[in-house]
1. Quick one: compute the contact order of the stretch 122-208, relative version, from alpha carbon pairs under 8 angstrom and 6+ residues apart, as a percent.
2. Run the helix sum for the chain: -39,500 (n - 2.57) per DSSP H stretch of 4+ residues, divided by residue count, reported at 222 nm to the nearest 500 deg cm²/dmol.
3. Just want to confirm a number: the relative contact order over the stretch 312-443, from Cα pairs under 8 angstrom separated by 6+ residues, in percent.
4. By how many degrees, 0 to 90 and rounded to 10, does the Cα axis of helix 55-66 deviate from the longest principal axis of the chain?
5. Estimate the FRET efficiency between ALA197 and SER441 by the formula 1/(1 + (r/R0)^6), using the beta-carbon distance for r and 45 Å for R0, to the nearest 0.05.
6. Give me the percent of accessible area attributable to carbon and sulfur for the chain, probe 1.4 angstrom.
7. Quick check: the angle from helix 162-174's long axis to the longest principal axis of the chain, C-alpha only, nearest 10 degrees?
8. Over the stretch 158-313, what lengths in whole Å, largest first, do the semi-axes of the equivalent ellipsoid take, defined as the square roots of 5 times the eigenvalues of the alpha-carbon gyration tensor?
Amino acid sequence: MSVQTLTPASIASEQRSTVRCASCGATLDDRTARATCPNCGGLLAVEHVAPKAKGAALRALFDERLGAASYRGSAADRSGVWRFRELVLPAARPEEIVSHPEGNTPLVAREAVASFAGVSALRLKHEGHNPSASFKDRGMTAALTQATRIGARAVACASTGNTSASLAAYAAQAGIPAFVLVPEGRVSTGKLAQTLAYGAHMIRLRGDFDDCLELAREASEQLGIYLVNSLNPFRVEGQKTIVLELLQQLGWESPDWIALPAGNLGNTAAFGKALREAHALGLIDRVPRLLAVQAAGAAPFAAGFSDDFATRRRVRAETAATAIRIGDPASWDRAVEAIRFTQGHVVAVSDAEIFAAKRVIDACGVGCEPASAASVAGVRTLAERGIIGRDERVVSVLTGHLLKDPDAALAARVAGGLGSEEPLTRDEALGHLGRVLTASSAR
Ligand code: F0G
């Protein structure tokens, strides 16, 4: 592969993708401004023309873009999303791409977390290292690129906080006005601060996330605002790159399991699509199993899994992991497909289990927000049940940064007995330090 393949002029492909409705089969052009099917309201999916290179040649192309040559190439090559552009949005022209860049997140191993989870080979894919500190940036770069391509006058989303922060950041970069609907009183401080600071118009709705999403869909329909929730098919295309990038980091050797927290199910759907395509294109020869983990108080998908998804469930959601406090997930059908295709599993974990996992992840210096810790809590549960073997290779995706929810992080540590709750005088502080030092060296 020559460096010439990396020049900006080669980025846009003449190959247009097709957008197809999963329910009624209607097809739309890849410059559609619709986030859902105009005929039946069903979920849309993007289908790309298969790249000419397959298997080892396609792996080599993606690997070359990761190397030093990318500095002589394009900004797109340095993005952990656009590096895989043949599988994201091949027809996007360089000037249309809205990228910070994003992705390139670390895959780390921490002994303490592996031993807590009960599996020896556990890795953490830390999506909190994205520009707005959550995995949402990967979908948002694709959605705002599409918004630019169609000349959207404004963009909108409903959110439990991370999507709104990411939307605000990418809309600011694209110069497009952004509107976000968030549930009153249930969005963490870090996410609210980001959304406002990046300049989005924020509406706090009396209601929960599910009410916000319903209103966002209605408002975008009535006012012609481009909807960029994860039901938007271009979001899914960007989010697929979490899986592509982690497979690349593993030298294209599939792990046995990939675990992730699940709320609105956009990410579960994206992971399933990524694995299906990676397998079909010969990037991997074995499909890992997906483990989608829900909070017990917001677990309609886990309930559905227990009867083989015979019926679609809805619940009134309640959990302290506010990012996944969702009772009526929008990407249900696509996520069912993902679990079936990967022979995956869905499990619910209690808030206590989520926070126990979070304490271990935080204490080893990695850290994550509460919802993210569900992916480790879920692995521990399945390892205890013997569904995940001790020696199986597992990647848990940490979806958001610890600082997204500083209140939760502080509460977890104070409850764990570290730090002094009240401010101390100089002498008290010295005494406190001495006592803590003696206690920790006695351990
Ligand atoms: N983890 C975090 C940190 C999240 O913010 C979300 C979703 C999820 C996991 C679940 O992903 O919805 O694709 O199943 N947050 C959305 C938001 C709903 O508005 O920020 P999902």
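The values are calculated or read from the model by the stated rules, or taken from the named source; none is laboratory data. A quick note: this is a predicted structure, and the numbers were derived from the prediction, not measured. Don't worry about glycine lacking a Cβ; one is built from the backbone with ideal geometry, like all the others, and counts go over all protein chains shown. Keep in mind that these areas ignore ligands, DNA and RNA; they rest on the heavy atoms of the full protein, side chains included. Shrake-Rupley method; radii C 1.70, N 1.55, O 1.52, S 1.80 Å.
1. In percent, rounded to a whole number, it is 26.
2. -12500 deg cm²/dmol
3. The value is 18 percent.
4. Helix 55-66 sits at roughly 70 degrees to that axis.
5. Approximately 0.55, to the nearest 0.05.
6. Its accessible area is 52 percent carbon and sulfur atoms.
7. Roughly 50 degrees, rounded to the nearest 10.
8. In descending order, the three semi-axes are 30, 20, 14 Å.
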